[in-house]
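The values are calculated or read from the model by the stated rules, or taken from the named source; none is laboratory data. Everything numeric in this text was worked out from a predicted model, so none of it was measured. Every residue, glycine among them, receives a Cβ derived from its backbone with ideal geometry; neighbour counts consider all protein chains shown.
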Ligand code: FAD
């Protein structure tokens, strides 16, 4: 009952980074509870994925054959069956579209409470989860009743699990009910297949850019740095860049090595999506802009002067 089960997540043939972060959170929980850490992989390239999730600190990997992509029924059946069979008390999932799709059904199937979107946790006699509310303006703690629960963890809050583990990898036989609906393919929305969450370096543009035509300037900087272009919400609301480029509470959570905020004020809803970046660089005319509170390096200056100088330097 002290053991923890983490369910891996994959899409379009690759494990998602949140999987490795959930493994770190699961290990933290297992250590606090004095239990083992199990990881379940369901569907896709299960054998390859099972090798990949075998990171330091993982005690056992369970590989369940299924279709290529996420399926609600399959994940719910596989994870709840494994949780019962292994007698684990805690199940940890990424707080992603997929994780949130089946976490409630999983909680119901196991008869345990669920707590979503954890950004931190403490474990003493029981679990206390830290969550954010009102666009990250308020932090709350939730005491979880009992020691059996489903927990979803927000991306970018725990470091990814690293190293190669020596876990036993076993093929798990699970009865998967036939699904009424399955993912048969993906259709790209505008913006191509760029996933800003996968980028190592992001140049992010905000309202300081003033006009759509001026985006060319930041695109040039992104090119010079081999970076990917992302944006704050007003740029997306204006229709200047597609939604999949938006960083923040109602956009994507990103954790690149370098995040360059160009003409972005640093509103809480934006910061919620990028504060986990390794190095944050801000360019802003306003020395009191909140983005400077979390920036590692800041340039107080006009982006129309600073960005061309950076392009000259790096092109
Ligand atoms: P502004 O706040 O207008 O800042 C522009 C900055 O550019 C200013 O700091 C200014 O000093 C600077 N500037 C101006 N001219 C120049 C220049 N020439 N050179 C350099 N700097 C210059 N926002 C998000 O980004 N992502 C979200 O996911 C998101 N979700 C939201 C969800 C909800 C429920 C709500 C209510 C809001 C959300 N927002 C989100 C909006 C958020 O509150 C801010 O309005 C938004 O982040 C501001 O974007 P910005 O920093 O680009 O613009």
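Report yes if residue 142 is modelled with pLDDT of 95 or more, farther than 30 Å from residue 257 by Cα, more than 16 Å from the ligand (Cβ to nearest atom) and assigned to a loop (DSSP other than H, G, I, E, B), otherwise no.
When the stated conditions are applied, residue 142 does not pass them.
Just the residues that are outside any helix (DSSP H, G or I), in contact (Cβ under 8 Å) with a residue 12 or more places away in the chain and more than 11 Å from the ligand (Cβ to nearest atom), please, taken from the stretch 193-208.
194, 195, 199, 200, 201, 202, 203
What number of residues within the stretch 1-22 satisfy the criterion of being without any contact (Cβ under 8 Å) to a residue 60 or more places away in the chain and either over 17 Å from residue 70 (Cβ atoms) or assigned to a loop (DSSP other than H, G, I, E, B) (or both)?
Of the residues in the stretch 1-22, 2 are without any contact (Cβ under 8 Å) to a residue 60 or more places away in the chain and either over 17 Å from residue 70 (Cβ atoms) or assigned to a loop (DSSP other than H, G, I, E, B) (or both).
With the condition kept exactly as written, say whether any residue in the stretch 287-297 is at pLDDT below 95 and away from the ligand (no atom under 14 Å from the Cβ).
No, that holds for no residue.
Restricting attention to the stretch 298-309, does a residue exist that is over 14 Å from residue 207 (Cβ atoms), more than 9 Å from the ligand (Cβ to nearest atom) and out of contact with any strand residue (DSSP E or B) (no Cβ under 8 Å at 6 or more places or on another chain)?
There is at least one residue in the stretch 298-309 that is over 14 Å from residue 207 (Cβ atoms), more than 9 Å from the ligand (Cβ to nearest atom) and out of contact with any strand residue (DSSP E or B) (no Cβ under 8 Å at 6 or more places or on another chain).
Go through the stretch 222-233 and report how many residues are within 11 Å of the ligand (Cβ to nearest atom) and in a loop (DSSP other than H, G, I, E, B).
Adding up the residues that qualify gives 1.
Could you please let me know if residue 55 is under 20 Å from the mean Cα position of the chain (by Cα), more than 23 Å from residue 173 (Cβ to Cβ), touching a residue at least 12 places away in the same chain (Cβ under 8 Å) and not in a helix (DSSP H, G or I)?
Taking the combined requirement at face value, the residue satisfies it.
Just to be sure before I move on: is residue 25 in contact with a helix residue (DSSP H, G or I) (Cβ under 9 Å, 6 or more places away or on another chain) and assigned to a helix (DSSP H, G or I) in the structure I sent?
no
So for the stretch 132-151 (the condition being crowded, with 20+ Cβ neighbours inside 10 Å, on the phi < 0 side of the Ramachandran plot, touching a residue at least 24 places away in the same chain (Cβ under 8 Å) and in contact with a helix residue (DSSP H, G or I) (Cβ under 6 Å, 6 or more places away or on another chain)), does at least one residue qualify?
yes
Can you find even one residue in the stretch 63-84 that is surrounded by fewer than 23 Cβ atoms within 10 Å (Cβ to Cβ), out of contact with any helix residue (DSSP H, G or I) (no Cβ under 7 Å at 6 or more places or on another chain) and free of Cβ contacts under 8 Å to residues at least 40 places away in the same chain?
yes
Can you tell me which residue is surrounded by the fewest Cβ atoms within 10 Å (Cβ to Cβ) among those in the stretch 122-131 that are within 18 Å of the chain's Cα centre (by Cα) and farther than 14 Å from residue 272 by Cα?
130
Out of the residues in the stretch 93-120 that are in contact with a helix residue (DSSP H, G or I) (Cβ under 7 Å, 6 or more places away or on another chain) and in contact (Cβ under 8 Å) with a residue 60 or more places away in the chain, which is nearest to residue 21 (Cα to Cα)?
Filtering first and then ranking leaves 94.
Which of the numbered conditions does residue 272 fail, given that it passes all the others? Conditions: (1) more than 8 Å from the ligand (Cβ to nearest atom); (2) at pLDDT below 95.
(1)
Grab the strands (runs of 3 or more DSSP E) fully contained in the stretch 234-315, keeping just those with 2 or more residues being surrounded by 14 or more Cβ atoms within 10 Å (Cβ to Cβ) and under 17 Å from the mean Cα position of the chain (by Cα).
The strands (runs of 3 or more DSSP E) meeting that bar are 258-262.
I'd like the full set of residues that are crowded, with 18+ Cβ neighbours inside 10 Å and not in a loop (DSSP other than H, G, I, E, B), limited to the stretch 34-52.
Scanning the stretch 34-52 gives 37, 38, 39, 40, 41, 42, 46, 49, 50, 52.
Working carefully through the options 219, 211, find the one that is surrounded by fewer than 18 Cβ atoms within 10 Å (Cβ to Cβ) and within 12 Å of the ligand (Cβ to nearest atom).
Result of the check over 219, 211: 211.
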